[in-house]
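The next block holds one structure in the form of C-alpha cells; read it before the comments.
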Amino acid sequence: MTTTSITTAPPAPGTPQRLELTPPAFSDVAQERHHRKERLAAALRLFAYFGYEEGVAGHITVRDPEHPDRFWVNPMGMPFGHVRVSDLILLDDRGEVVEGFYGTHPAPFSIHSALYRARPDIQCAAHSHSTYGKAVAALGRPVEPITQDACAFYEDQGYFDDYTGVVLDEAEGKRLAGALAGHKALILRNHGLITVGGSVDAATWWFIALERACEVQLLARAAGEPLAIEHENALRTREQVGSDFMGWLNFQPLYEQIVRLQPDLLD
Ligand SMILES: [Zn+2]
C-alpha cells in the first residue's frame, strides 16, 4: 500500500487536478511505519540516482514511529539502487537487528543512534560520501550564502573538525551530535555530509540541496570570487526556504519521479 499524498495516475479527461501538498497525518502506527519505510526506500533510490554511493559507505535512517529508540536503515552492502521496502532492517538501541533479513555495520548505529538521542525533534538522518560534499569537507570552510538555495544552510550547519578515522564507537557518535547541535546539516571534515529532518522527505531533500550547494560553491570559487548574500538577507532567505516544511515540500516531486521510474522500490 502506498500512502503518497500525490496521485500518480493520469487524470480523467476534463477533471481539474490539484496536488495535495500537505505532510500526511496518521492515526495508525502500522500505516505510519509503512509510509516511513516507503519514503526511506525512495530516498535510497534517489541517492543512487544522483550518484551519492561510494562502495558500502552511506546510510539513511528513520525512527520507528512506535519505538523512538529504534530506527530503520538500509542493509549493509546492498546497492542503494536495489533497496525495496521489504529489504529495510530495524535496529534497536544496542545496534541489534530486530526486524529484517540482512546485517548492518557499526557506523550507521554509532552515528545515527547518537543523533537520535541528542535530537528528539528529528525523525531521519542521511549520510553519504558524495563527491562535492566531500570536496567542501576537505577545505575547512562552511557552505556559503552565495545563492538563494544555499541560504537554507546559513547559520544552520555544524562543522565536525575532528577527523580520527571511521566512526565506529558511541563516543565519536556523541561528538558528532555535539557538532550538529540544533542544526539541519553537519559537514564532517575529510569525510562527507550529514543532514537531519523531521521526516525522511526533509532530511533527504536537505542532503540533495547541500550537495548541490557544495557543487555550486566549488564551481563559483573556481571561476572567481563569489558575491555573498548580506547577513540580514541571508537570514531572511533561510526563514523562507529553509524550514522543515520546505524540505518536505521540495522532496515531493523527487518522490513522485523515482516511484514512477522504479516502482519496485515499494515492494
Ligand atoms: Zn561516512
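In whole Hz, with x marking every Gly and Pro, tabulate ³J(HN,Hα) for segment 252-265 from phi via Karplus 6.51 cos²θ - 1.76 cosθ + 1.60, θ = phi - 60°.
4, x, 5, 4, 4, 5, 6, 5, 5, 6, 9, x, 5, 4
Just to be sure I follow the definition: excluding the sites themselves, where is the longest run in the chain that has none of the GluC sites (Glu not before Pro) in a DSSP loop with at most 10 other Cβ atoms within 10 Å?
Here the longest segment lacking exposed loop sites spans 67-229.
So for the chain, taking the charge dipole from beta-carbon charges (+1 Lys/Arg, -1 Asp/Glu), which of Leu19, Ile60, Pro120 sits furthest toward the positive end?
The residue sitting most towards the positive pole is Leu19.
Could you calculate the FRET efficiency of Arg141 with Asp69 from 1/(1 + (r/R0)^6), where r is the beta carbon distance between them and R0 is 25 Å, rounded to 0.05?
For R0 = 25 Å, the calculated efficiency reads 0.10.
Extent of segment 29-266 along each principal axis, from alpha carbon coordinates, in Å, largest to smallest?
51, 40, 31
Compute the length gained on full extension between Gln31 and Asn233: take 0.36 nm times their separation in residues and subtract their Cα-Cα distance, giving the result in nm to one decimal.
Length gained, Gln31 through Asn233: 68.6 nm.
Which is the longest run of the chain containing none of the trypsin sites (Lys or Arg not before Pro) found in DSSP loop states (not H, G, I, E, B) with at most 10 other C-beta atoms within 10 Å?
The longest uninterrupted stretch comes out as 95-267.
Using the Karplus curve 6.51 cos²θ - 1.76 cosθ + 1.60 with θ = phi - 60°, work out ³J(HN,Hα) for each residue of segment 112-118 in order, rounded to whole Hz, and write x for Gly and Pro.
Listing the rounded values in order: 6, 5, 5, 5, 5, 5, 7 Hz.
Please work out how much length the chain gains when fully extended from Ala57 to Ala118, using 0.36 nm per residue of separation minus the C-alpha to C-alpha distance, in nm with one decimal.
My answer for the length gained is 19.7 nm.
Once the mean 1/r over all distinct Cα pairs of segment 127-171 is inverted, what Kirkwood radius in angstroms do you read off?
Answer for segment 127-171: a Kirkwood hydrodynamic radius of 12.4 Å.
Once amide H atoms are built 1.01 Å from N in the peptide plane, which residues 5 or more positions from Glu54, or in another chain, come under 5 Å H to H?
His129
Find out how many positive minus negative residues lie around Asp162, taking Lys and Arg as positive, Asp and Glu as negative, among other residues whose Cβ is under 9 Å from that of Asp162.
Around Asp162, the charge tally is 0.
If you place +1 on the Cβ of every Lys and Arg and -1 on the Cβ of every Asp and Glu, how big does the dipole about the Cα centre of segment 140-261 come out, in debye to the nearest 20?
About 160 debye.
Can you give the direction-averaged projected area of the convex hull of the alpha-carbon atoms in segment 182-267, in nm²?
7.8 nm²
I want to verify a result. In a Gaussian network model of the chain, Cα cutoff 10 Å, which of these has the top mean-square fluctuation: Leu44, Leu139, Leu254?
Looking only at Leu44, Leu139, Leu254, the biggest GNM fluctuation is shown by Leu139.
Of the residues Leu219, Leu176, Leu186, which exhibits the maximal mean-square fluctuation in a Gaussian network model of the chain defined by a 10 Å Cα contact cut-off?
It is Leu219.
Please give the length that would be gained between Glu225 and Ser86 if that part of the chain were fully extended, namely 0.36 nm times their separation in residues minus their C-alpha to C-alpha distance (nm, one decimal).
45.2 nm
Treat every Asp and Glu Cβ in segment 29-266 as -1 and every Lys and Arg Cβ as +1, leave all other atoms uncharged, and give the resulting dipole magnitude about the Cα centre to the nearest 20 debye.
200 debye
Would you work out the relative contact order for the chain, in percent, from Cα pairs under 8 angstrom that are 6 or more residues apart?
21 percent
Output wanted: per-residue J couplings in Hz (rounded whole) for segment 88-102, from phi through Karplus 6.51 cos²θ - 1.76 cosθ + 1.60, θ = phi - 60°, x for Gly and Pro.
Once θ is set to phi - 60°, the couplings for segment 88-102 become 5, 10, 10, 9, 8, 6, 10, x, 7, 6, 10, 8, x, 10, 10 Hz.
Bear in mind that the values in this text are calculations on the coordinates, not laboratory data. Quantities reported herein were computed from a predicted structural model and do not represent experimental measurements. Glycine gets a Cβ as well: all are built from the backbone with ideal geometry, and neighbour counts include every protein chain shown.
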